[in-house]
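Participant: Shown below is the structure under consideration.
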Amino acid sequence: MTKFYEVRRRDGAARIGFLSLLGEKKQTPLLFHVESLSAGEEAIKVIHAEDSNFNELFQEELWDVPRGAVLLPEVHPLFNKVQEAIPSLHVDCYVLSFASAMLNIPREFVRRIIYARNAIPPDTALWVPAIATAENAALLFYIGADLIDDLNAVINGYQSIYQVEEGAVSLRELEELPCTCSVCSSLTVEELREQNSKERVLLLAKHNTLLLEKEVKKVKAHIRAGSLREYVELKVRSSPFLTAVLRILDLENEEYFEKRTPVARNHGMMANTMESLKRIEVKRFASRVLERYEPPMRKILLLLPCSARKPYSLSPSHLKFREAIERYRGRIHEIILTSPLGVVPRELEVMYPAAFYDIPVTGYWDAEEREWVSSCLRAYLERNVRNYKHKQIVAHLSGTYKELCSRTAEDLGIDVVYTCEEGEDVTSKEALKRLKERIAELCGDTTRLSGFEKKASMLKAMADYQFGIGAGSELVSRKEGEKIKISGKFPAYKLSVNGDVLARIVPEYGLLTLTLKGARRIERFLTAYTVQIGDFLPKGSVLAPGVVNADEQIRVNDEVIFTGKMAFGVGRAKMSGWEMVESRKGVAVDVREVEEVEQS
Amino acid sequence: MNTSKNKNPVASWLDYDYFKEERKAIKALTVILRTAGCQWRKCTMCGFWQESADVTQADILAQLDRSLRNSPEEEFILKIFTSGSFLDEREISSETRKEIAELVRKVGRIRKFIVETRPEFVSVERIADLKGVENLELAIGLETANDFFRSKYIKKGFSFDDYKKAAEIVIDGGATVKTYLLLKPPFVSEKKAIEDVIKSAELVSNYSSTISLNLCNIQKYTPLEALWRRGYYRPPWLWSAVDAIKEIKKRNIVVMSDPVGAGYKRGPHNCGKCDLEIKEAIKKFNITQDVRVLEHLDENEIECECKEVWRALLNYDAFLFDSILEGKRLSREKIKV
């Protein structure tokens with residue numbers, strides 16, 4: 001339970017929040033200055049389990065400034081005392097003690113922070129003291145720290161250590177000050193060295209602190225933008241230790257991040273590194289394509305390569321493919337092969353992250369990328385080809401795409417018709433002509449896809465992807481006496497029935513949003529996306545204390561309904577479902593539409 | 001059974017010690033006897049019991065006999081440690097104790113006889129075993145007057161009250177008490193450790209004639225070693241030792257400290273550059289009790305850069321939350337191993 005801290009925004013495990021210090025709301029991620037801390041200027045009280053006043057933390061009295069409890073490592077004799085106390089403590093933050101011990105081994109770094117984050121309530125802040133540097137701060141916040149301090153920066157000043165964004169160097173080794181902070185632009189490295197020791201220490205400490213402060217600002221900007229992951233992938237390059245930490249996070253802590261990663265962002269997703277393949281967004285998309293997507297029953301399964309422009313349909317290459325197959329589209333199920341997402345069905349091309357990712361295209365695929373994309377294709381074919389009666393598979397692929405496809409098909413014993421010759425470009429006249437001819441041959445008579453069918457299939461697939469199979473067809477199937485209309489320009493479609501809007505595609509987020517009527521229509525499919533609230537009628541937002549229960553699988557930016565004795569509404573989740581349940585502070589759901597429920 | 005090993009002490013050596021009774025340094029013979037070892041064996045930092053063996057009482061006397069061959073010609077102090085308790089019957093029987101006392105009296109030149117024991121073994125009878133020995137001193141490893149630190153962090157298994165009771169028996173029996181205090185138990189920060197040892201010295205000064213400050217070092221195969229390996233412990237800075245000794249001395253208490261392992265990673269250490277000089281100063285202080293040799297360290301500006309680091313760490317101790325900030329570079333600097 002917190003009193004002076006509140007989380008406002010989340011990007012993965014990282015958060016932006018506010019800590020009220022002496023009435024002033026300070027934004028987190030926050031950098032404490034040890035000088036002000038020790039001067040008592042930062043009215044924050046941290047109590048250790050060995051202190052005689054530890055019991056104060058069990059009571060709400062005397063809670064007049066932000067306060068925290070020290071988290072102890074398992075090796076500490078008072079570890080259990082603290083662990084058992086956590087559920088009953090009235091604190092705003094927890095402080096990770098012995099933090100420096102995790103700097104020896106990357107796995108310890110990961111383990112200690114994640115263990116701490118899992119042990120404490122999600123609405124409390126985590127302070128990782130004494131070890132922050134401009135180099136590791138982004139990663140600390142990425143894993144879930146909210147508070148750091150400049151103690152290490154200051155002590156480094158005493159140790160003649162000059163911090164840089166990507167590490168630290170001894171002042172002795174520097175030939176020039178590689179920085180433009182107020183300290184470094186006011187004197188040369190020689191002048192800095194020649195200062196008397198007291199002055200030199202202060203200047204170095206100030207530079208180190210300014211650098212750290214700048215880093216905290218950068219991290220905040222990335223959290224707001226939803227691009228912290230990209231920034232962290234960039235930052236960890238500075239050391240094998242930090243890179244190892246990120247890899248361990250990806251490989252061994254999937255659940256921790258899955259529980260915290262938003263379902264959508266209004267920000268591009270750059271897959272520039274080998275770690276990008278392991279992102280939650282990538283894994284989640286691949287698994288939902290298998291579990292929450294029903295391909296249409298069509299004779300031909302056509303595999304196409306991805307394009308740089310997203311959604312693919314708007315790219316020059318896909319416009320050409322479309323032209324070649326337009327007359328037979330009613331018989332064709334299109335999937336796009338791509339790295340790092342694997343397989344993107346045409347109907348899901350607008351979905352996050354399918355319309356949002358970008359990768360460096362060189363024509364060279366590394367082994368892991370090949371392995372991953374092949375495994376996605378293989379799983380897709382195994383699951384769907386027979387069930388959805390795709391009689392023939394056509395691959396309009398060249399180069400590595402073709403190679404991956406043919407190897408996978410051979411493994412599975414599936415016949416594939418290839419419409420590109422060796423070394424031929426997929427958009428070459430010859431290849432496109434061959435595609436057109438083979439499709440015509442295989443399909444026989446022409447079967448176009450109506451505009452409505454195309455749009456409806458998108459809305460259906462997106463609803464299934466977001467809410468689970470079943471929701472989509474319930475949403476778009478016409479019932480007796482209904483007049484269904486899908487309007488809007490691709491991809492911003494709007495579904496209405498008898499003039500009432502039910503759902504919209506929001507291309508900025510790669511999501512489908514529901515209106516109250518839309519939510520009512522598919523309510524029985526939304527059990528996993530339902531937030532139960534208390535007996536009140538929410539206005540702008542549903543706050544965490546008003547949440548009675550929420551499904552575990554709700555994620556930030558998920559479309560959810562909320563129901564209570566007095567209200568039914570629809571909105572966007574601002575925190576994960578488990579977090580809504582465990583938090584006592586913060587916005588749980590941004591309300592889009594709400595109606596009063598008739599009391600029976 | 002390795003009989004030749006059992007007939008030899010673990011170690012014995014000759015050096016100087018401050019002879020408080022006459023306010024001067026005289027030679028001291030230290031003997032570490034191999035016995036059945038300490039029965040408690042639970043202290044976090046202690047690995048001494050690993051020296052124990054299945055020895056007979058005759059072996060023990062043989063060990064002492066061999067050690068005494070190195071006795072100096074002049075008067076000296078004899079210190080016998082057993083890696084356990086000299087008054088524990090399971091280590092040294094009453095008979096053996098009496099024989100040892102007899103031996104000490106026979107040598108004649110032994111001006112002071114110091115043995116170590118846990119307080120639970122102190123009794124009027126057992127002290128009586130040693131009657132007739134000149135200047136008998138019982139050393140007790142209290143480590144700290146803080147019961148919480150002692151029981152939770154050191155796992156010593158006795159209380160400050162137990163110590164006080166034992167000390168009173170010793171004093172009533174006509175002997176003196178030497179109290180071992182531990183500088184920096186595990187889980188105690190540098191600053192709190194210094195404060196604790198000073199406060200403890202004040203609290204035991206009524207009971208003990210001498211305080212021996214034990215600068216915590218990492219012994220093999222101990223729980224403390226495991227903590228240290230994982231980065232949860234750093235032995236005290238030598239600057240802390242100097243500070244504590246000066247503060248205790250200020251209170252008119254006789255204090256000494258054998259800087260075991262000083263300058264090594266496993267022992268009390270500073271940055272690697274100034275360690276040796278400080279170690280020598282502490283040793284010199286031990287036998288002179290002249291605090292100027294320590295003050296000299298400041299005035300004479302050994303003033304290593306690391307002293308400012310140490311001072312800053314103490315200054316911000318409350319916000320370290322037990323982190324150890326040596327700095328990447330410093331940790332790579334040569335600390336003798």
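The values are calculated or read from the model by the stated rules, or taken from the named source; none is laboratory data. Every value quoted in this text rests on a predicted model; they were computed, and no experiment measured them. Heads up, the Cβs are rebuilt from the backbone with ideal geometry, glycines too, and the neighbour counts pull from every protein chain shown. To get the accessible areas, we keep the full protein, side chains included, count just its heavy atoms, and leave off ligands, DNA and RNA. Shrake-Rupley method; radii C 1.70, N 1.55, O 1.52, S 1.80 Å.
Participant: Just to be sure I understand the filter: pairs with C-beta atoms under 8 Å, separated by 6 or more residues or on different chains, first member in segment A:28-53 and farther than 16 Å from residue A:90 by Cα and touching a residue at least 40 places away in the same chain (Cβ under 8 Å), second member assigned to a loop (DSSP other than H, G, I, E, B) and small (Gly, Ala, Ser). Which pairs pass?
Facilitator: A:29/A:145; A:31/A:132
Participant: Here's something else I'd like to know. Among the listed residues A:591, A:587, A:548, A:506, identify the single one that is open to solvent by 10 Å² or more (accessible area, probe 1.4 Å) and in the same structural domain as residue A:487 (by TED's automatic domain parsing).
Facilitator: Matching residue, one of A:591, A:587, A:548, A:506: A:506.
Participant: Inside segment A:123-135, can you point out the residues that are more than 10 Å from chain B (Cβ to nearest Cβ) and open to solvent by less than 10 Å² (accessible area, probe 1.4 Å)?
Facilitator: A:123, A:124, A:125, A:126, A:132, A:134
Participant: Please find, within segment A:90-112, the residue that is surrounded by the fewest Cβ atoms within 10 Å (Cβ to Cβ) out of those that are of a type outside the set (Asp, Glu) and away from chain B (no Cβ under 14 Å). Don't jump to the end; show me each part of the working.
Facilitator: Going residue by residue through segment A:90-112, those that are of a type outside the set (Asp, Glu) are A:90-91, A:93-107, A:109-112.
Keeping just the survivors that are away from chain B (no Cβ under 14 Å) gives A:90-91, A:110.
Working: A:90: 17, A:91: 27, A:110: 23.
The extreme case among them is A:90.
Participant: Related question: Among the residues of segment A:378-400, write down those that are basic (Lys, Arg), farther than 28 Å from residue A:428 by Cα and free of Cβ contacts under 8 Å to residues at least 60 places away in the same chain.
Facilitator: If the condition is that a residue be basic (Lys, Arg), farther than 28 Å from residue A:428 by Cα and free of Cβ contacts under 8 Å to residues at least 60 places away in the same chain, then A:386 is the only one that fits.
Participant: Quick one: would you say residue A:87 is under 29 Å from residue A:223 (Cα atoms) and within 14 Å of chain B (Cβ to nearest Cβ)?
Facilitator: Judged against the criteria, residue A:87 is not a match.
Participant: Being away from chain A (no Cβ under 14 Å), open to solvent by less than 40 Å² (accessible area, probe 1.4 Å) and modelled with pLDDT of 95 or more, is that true of even one residue in segment B:294-304?
Facilitator: Scanning segment B:294-304 turns up no residue that is away from chain A (no Cβ under 14 Å), open to solvent by less than 40 Å² (accessible area, probe 1.4 Å) and modelled with pLDDT of 95 or more.
Participant: Between A:70, A:169, A:154, A:75, which is at the interface with chain B (Cβ under 8 Å from one of its Cβ atoms) and assigned to a strand (DSSP E or B)?
Facilitator: Values: A:169 fails: at the interface with chain B (Cβ under 8 Å from one of its Cβ atoms); A:154 fails: assigned to a strand (DSSP E or B); A:75 fails: assigned to a strand (DSSP E or B).
Matching residue, one of A:70, A:169, A:154, A:75: A:70.
Participant: Please indicate, with yes or no, whether at least one residue in segment B:93-110 is on the phi < 0 side of the Ramachandran plot, assigned to a loop (DSSP other than H, G, I, E, B) and charged (D, E, K, R).
Facilitator: Checking segment B:93-110: at least one residue is on the phi < 0 side of the Ramachandran plot, assigned to a loop (DSSP other than H, G, I, E, B) and charged (D, E, K, R).
Participant: Okay, moving on. Mind telling me which of the residues A:335, A:325 ends up being in contact (Cβ under 8 Å) with a residue 12 or more places away in the chain, in a helix (DSSP H, G or I), touching a strand residue (DSSP E or B) at 6+ places or on another chain (Cβ under 7 Å) and open to solvent by less than 20 Å² (accessible area, probe 1.4 Å)? Give the steps one after another, and end with the answer.
Facilitator: Values: A:335 fails: in a helix (DSSP H, G or I).
Only one candidate qualifies: A:325.
Participant: A further question on this structure: I'd like the residue in segment B:12-32 that is within 16 Å of the chain's Cα centre (by Cα) and among the aromatic types (Phe, Trp, Tyr) and, out of all such residues, is surrounded by the most Cβ atoms within 10 Å (Cβ to Cβ).
Facilitator: So in segment B:12-32, the residues within 16 Å of the chain's Cα centre (by Cα) come out as B:12-13, B:15-18, B:28-32.
Filter again for among the aromatic types (Phe, Trp, Tyr), leaving B:13, B:16, B:18.
Values: B:13: 11, B:16: 16, B:18: 21.
Among those that are within 16 Å of the chain's Cα centre (by Cα) and among the aromatic types (Phe, Trp, Tyr), it is B:18.
Participant: Suppose we filter A:297, A:274 for residues that are within 19 Å of residue A:387 (Cβ to Cβ), open to solvent by 10 Å² or more (accessible area, probe 1.4 Å) and in contact with a Lys or Arg (Cβ under 9 Å, 6 or more places away or on another chain); which single one remains?
Facilitator: A:297
Participant: Six or more apart or on different chains, Cβ atoms under 6 Å: show the pairs whose first residue is in segment B:62-78 and part of a helix (DSSP H, G or I) and whose second is buried (at least 20 other Cβ atoms within 10 Å of the Cβ) and not basic (Lys, Arg).
Facilitator: Pairs that qualify, where the first residue is part of a helix (DSSP H, G or I) and the partner is buried (at least 20 other Cβ atoms within 10 Å of the Cβ) and not basic (Lys, Arg), are B:63/B:9; B:63/B:33; B:67/B:9; B:67/B:12; B:67/B:31.
Participant: With the requirement that a residue be farther than 24 Å from residue A:322 by Cβ and either open to solvent by less than 70 Å² (accessible area, probe 1.4 Å) or in contact with a Phe, Trp or Tyr (Cβ under 6 Å, 6 or more places away or on another chain) (or both), what does segment A:410-434 give you?
Facilitator: Once the filter is applied, which keeps residues that are farther than 24 Å from residue A:322 by Cβ and either open to solvent by less than 70 Å² (accessible area, probe 1.4 Å) or in contact with a Phe, Trp or Tyr (Cβ under 6 Å, 6 or more places away or on another chain) (or both), segment A:410-434 yields A:412, A:413, A:414.
Participant: Related question: Among B:235, B:223, B:259, which is the only one that is under 30 Å from residue A:104 (Cα atoms) and open to solvent by 30 Å² or more (accessible area, probe 1.4 Å)?
Facilitator: One residue alone meets the criteria, B:223.
Participant: Let me ask something else. Hey, which of the helices (runs of 4 or more DSSP H) in segment A:415-515, taking only ones fully inside, have at least 3 residues that are of a type in the set (Phe, Trp, Tyr)?
Facilitator: Passing ranges, in order: A:451-467.
Participant: Further question: I need a count of the residues in segment A:219-250 that are touching a helix residue (DSSP H, G or I) at 6+ places or on another chain (Cβ under 7 Å) and not polar (S, T, N, Q).
Facilitator: 18
Participant: So which of A:61, A:50 ends up being away from every other protein chain (no Cβ under 11 Å) and open to solvent by 30 Å² or more (accessible area, probe 1.4 Å)? Talk me through it step by step, then tell me what you get.
Facilitator: Values: A:50 fails: away from every other protein chain (no Cβ under 11 Å).
Criteria check complete, one pass: A:61.
Participant: Restricting to segment A:136-151, and then to whatever is part of a loop (DSSP other than H, G, I, E, B) and out of contact with any Phe, Trp or Tyr (no Cβ under 8 Å at 6 or more places or on another chain), can you tell me which residue is farthest from the other protein chains (Cβ to nearest Cβ)? Full working, then the answer.
Facilitator: Residues of segment A:136-151 part of a loop (DSSP other than H, G, I, E, B): A:136, A:144-146, A:150.
Okay, now just the ones that are also out of contact with any Phe, Trp or Tyr (no Cβ under 8 Å at 6 or more places or on another chain), so A:136, A:144.
Numbers: A:136: 12, A:144: 17 Å.
Step by step, filter segment A:136-151, then rank; the result is A:144.
Participant: How about segment A:558-600: which of its residues are in a loop (DSSP other than H, G, I, E, B) and either over 26 Å from residue A:118 (Cβ atoms) or touching an Asp or Glu at 6+ places or on another chain (Cβ under 7 Å) (or both)? Can you show your working first?
Facilitator: Step one: of segment A:558-600, the residues in a loop (DSSP other than H, G, I, E, B) are A:558, A:564-566, A:574-576, A:583-586, A:597-600.
Within segment A:558-600, A:564, A:565, A:566, A:574, A:583, A:584, A:585, A:586, A:597, A:598, A:599, A:600 qualify.
Participant: Could you identify the single residue in A:180, A:133 that is of a type in the set (S, T, N, Q), within 26 Å of residue A:249 (Cα to Cα) and outside the structural domain of residue A:585 (by TED's automatic domain parsing)? Please lay out each step first, then the result.
Facilitator: Working: A:180 fails: within 26 Å of residue A:249 (Cα to Cα).
Criteria check complete, one pass: A:133.
Participant: Okay, next question. Of the residues in segment A:157-166, how many are open to solvent by 30 Å² or more (accessible area, probe 1.4 Å) and facing chain B (nearest Cβ under 10 Å)?
Facilitator: So the answer is 1.
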